[in-house]
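Below: one structure, written as structure tokens.
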Amino acid sequence: MKLLSTEHIASLDKSDMLGRVMAIPQHFSEALTRAQGVALNLSASSLNGIIITGMGGSAMSGDVARGLTLDALTLPLQVSRSYDLPGWVNENSLVIISSYSGNTEEALSAFQMAQARGAKIICITSGGKLHAHAQQNNLPIFPLPTGFPPRSALAHLTVPLLMILNRLGLTPDPAADINETRLLLEKLRQQWGPASEGANNLAKNIAQALMQRLPLVYASYGLFEVAAWRWKEQFCENAEILSWHNAFPELNHNELVGWGLRRELDQHLQVIYLRDRQDHPRVQKRMEVTRELIARSSSPALEFWSEGHAPLARLFSLIFLGDLASVYLAILNGVDPTPVKKIDLLKERLEQFHG
């Protein structure tokens, strides 16, 4: 894999996105230390619900937190990707504004709406207008390190949310799970990092398999759907290719029918299964049958299993694999994985119509 040698990667990866991904294990320990230092005097006893609002990688951390607590929380928790807040948000609600830059216009709009409704507010940000507004109003701030592309700060964004839910008395202390995740990713980093060659480097193998193909990433509903969504987003932003994601069992009730009629198009698609040992037994059976049906018109599905014990570790074992694969695919595509020029252009155009 000469195109994925460390020298060739460095020649294209000008802003060291690969270095950011490889550092995710220590991001967890750094984020835990930082979050433990933030005081939070709030109880869940008077809350009617929690909403985490943000966009992109900042919102993905909310999906992680929601997925991890989906079966345990007795209090509603919702993730919002919008300028607005749901109608139920009021003075008894907790609104967590997650914006890495602190300048995301949708997050700032939600902040203003939360203020107007008298909601309790916590901010997670590295600075910007959100940090300034929170300081002016004496609101709790979980600070993030600066200088990251937001999508590469997922661990930094996720840990504060896990700590907030624990401080509210809704979940156990996440410190042990965070430490397990760090240790597991350190081990996987040796297997999938740029210096590793051969069949054991799944991340490089995935990138090679996706040359000239568009990935469709499938997982089970709930926690591991978050991993599929993350893979899709990273393929789009890092590797600059279109990608899709979906979840079982829902995709069996609609998307499955779309396979087979245009086989000349299906041949350009590559299904990727993200699997976990705790997938529902009926979902596991659905995956097997679906694999057989799709293989009639396209290449066999690729399949990757989570590793680890704690749900957080198992989830991030797959997220880490997808992040690395997306960077390697960017290199194979001949692009720098960090710039998002189309998003920057969109923001510039929108600024012309501001206000």
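The values are calculated or read from the model by the stated rules, or taken from the named source; none is laboratory data. Model, not experiment: these values are computed from the prediction. Note that we place each Cβ from the backbone using ideal geometry, even for glycine, and neighbour counts take in every protein chain shown.
In the set (1) surrounded by fewer than 21 Cβ atoms within 10 Å (Cβ to Cβ); (2) in contact (Cβ under 8 Å) with a residue 40 or more places away in the chain, the condition left unmet by residue 86 is number (2).
I need a count of the residues in the stretch 322-348 that are outside any loop (DSSP other than H, G, I, E, B), buried (at least 24 other Cβ atoms within 10 Å of the Cβ) and not charged (D, E, K, R).
Taking the stretch 322-348 and keeping what is outside any loop (DSSP other than H, G, I, E, B), we get 322-332, 341-348.
Still in the list and also buried (at least 24 other Cβ atoms within 10 Å of the Cβ): 322-331.
Narrowing further to those that are not charged (D, E, K, R): 322, 324-331.
Here the count works out to 9.
Residues that are buried (at least 20 other Cβ atoms within 10 Å of the Cβ), assigned by TED's automatic domain parsing to the domain that holds residue 212 and over 30 Å from residue 174 (Cβ atoms): does the stretch 302-315 have at least one? Looking for residues that are buried (at least 20 other Cβ atoms within 10 Å of the Cβ), assigned by TED's automatic domain parsing to the domain that holds residue 212 and over 30 Å from residue 174 (Cβ atoms), one finds none in the stretch 302-315, hence no.
Conditions (1) in contact with a strand residue (DSSP E or B) (Cβ under 8 Å, 6 or more places away or on another chain); (2) in the same structural domain as residue 316 (by TED's automatic domain parsing); (3) under 26 Å from residue 136 (Cα atoms), marked per residue:
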site: 60; (1), (2), (3): no, no, no
site: 86; (1), (2), (3): yes, no, yes
site: 96; (1), (2), (3): yes, no, yes
site: 103; (1), (2), (3): no, no, yes
site: 113; (1), (2), (3): no, no, yes
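Here is the figure for the stretch 97-126: residues that are farther than 16 Å from residue 81 by Cα, touching a residue at least 40 places away in the same chain (Cβ under 8 Å) and not charged (D, E, K, R) total 1.
In the list 32, 42, which residue meets the criterion of being over 29 Å from residue 191 (Cα atoms) and in contact with a helix residue (DSSP H, G or I) (Cβ under 9 Å, 6 or more places away or on another chain)?
Numbers: 32 fails: over 29 Å from residue 191 (Cα atoms).
Of 32, 42, the one residue that is over 29 Å from residue 191 (Cα atoms) and in contact with a helix residue (DSSP H, G or I) (Cβ under 9 Å, 6 or more places away or on another chain) is 42.
Among residues belonging to the stretch 184-200 that are free of Cβ contacts under 8 Å to residues at least 24 places away in the same chain and either within 21 Å of the chain's Cα centre (by Cα) or assigned to a loop (DSSP other than H, G, I, E, B) (or both), point out the one that is surrounded by the fewest Cβ atoms within 10 Å (Cβ to Cβ). Before the answer, list the steps.
Step one: list which residues in the stretch 184-200 are free of Cβ contacts under 8 Å to residues at least 24 places away in the same chain, which gives 187, 190-191, 196, 198-200.
Right, trim to either within 21 Å of the chain's Cα centre (by Cα) or assigned to a loop (DSSP other than H, G, I, E, B) (or both) and you get 187, 196, 198-200.
Values: 187: 13, 196: 14, 198: 9, 199: 7, 200: 11.
Among those that are free of Cβ contacts under 8 Å to residues at least 24 places away in the same chain and either within 21 Å of the chain's Cα centre (by Cα) or assigned to a loop (DSSP other than H, G, I, E, B) (or both), it is 199.
Please determine whether any residue of the stretch 273-282 is touching an Asp or Glu at 6+ places or on another chain (Cβ under 7 Å), under 23 Å from residue 184 (Cβ atoms), of a type in the set (Phe, Trp, Tyr) and not in a loop (DSSP other than H, G, I, E, B). Within the stretch 273-282 (the criterion being touching an Asp or Glu at 6+ places or on another chain (Cβ under 7 Å), under 23 Å from residue 184 (Cβ atoms), of a type in the set (Phe, Trp, Tyr) and not in a loop (DSSP other than H, G, I, E, B)), the answer is yes, since at least one residue qualifies.
Do the conditions hold for residue 195, that is, is it in contact with a helix residue (DSSP H, G or I) (Cβ under 7 Å, 6 or more places away or on another chain) and at pLDDT below 95?
On the way: in contact with a helix residue (DSSP H, G or I) (Cβ under 7 Å, 6 or more places away or on another chain): yes; at pLDDT below 95: yes.
Taking the combined requirement at face value, the residue satisfies it.
Among what's in the stretch 252-281 and is closer than 21 Å to residue 308 by Cβ and charged (D, E, K, R), pick the residue that is surrounded by the fewest Cβ atoms within 10 Å (Cβ to Cβ). Looking at residues that are closer than 21 Å to residue 308 by Cβ and charged (D, E, K, R), I get 277. Taking the stretch 201-242 as the range and being in a helix (DSSP H, G or I) and touching a His at 6+ places or on another chain (Cβ under 6 Å) as the test, the residues that pass are 228, 229, 232.
Regarding residue 286, is this residue in contact (Cβ under 8 Å) with a residue 24 or more places away in the chain, farther than 30 Å from residue 171 by Cα and of a type in the set (D, E, K, R)?
So residue 286 fits the description; yes.
So that you can scan it fast, the table gives a plain yes or no per residue for (1) over 22 Å from residue 155 (Cα atoms); (2) under 16 Å from the mean Cα position of the chain (by Cα):
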| residue | (1), (2) |
| --- | --- |
| 63 | no, yes |
| 69 | no, yes |
| 74 | yes, no |
| 78 | no, yes |
| 84 | yes, no |
| 87 | yes, no |
| 92 | yes, no |
| 95 | no, no |
| 98 | no, yes |
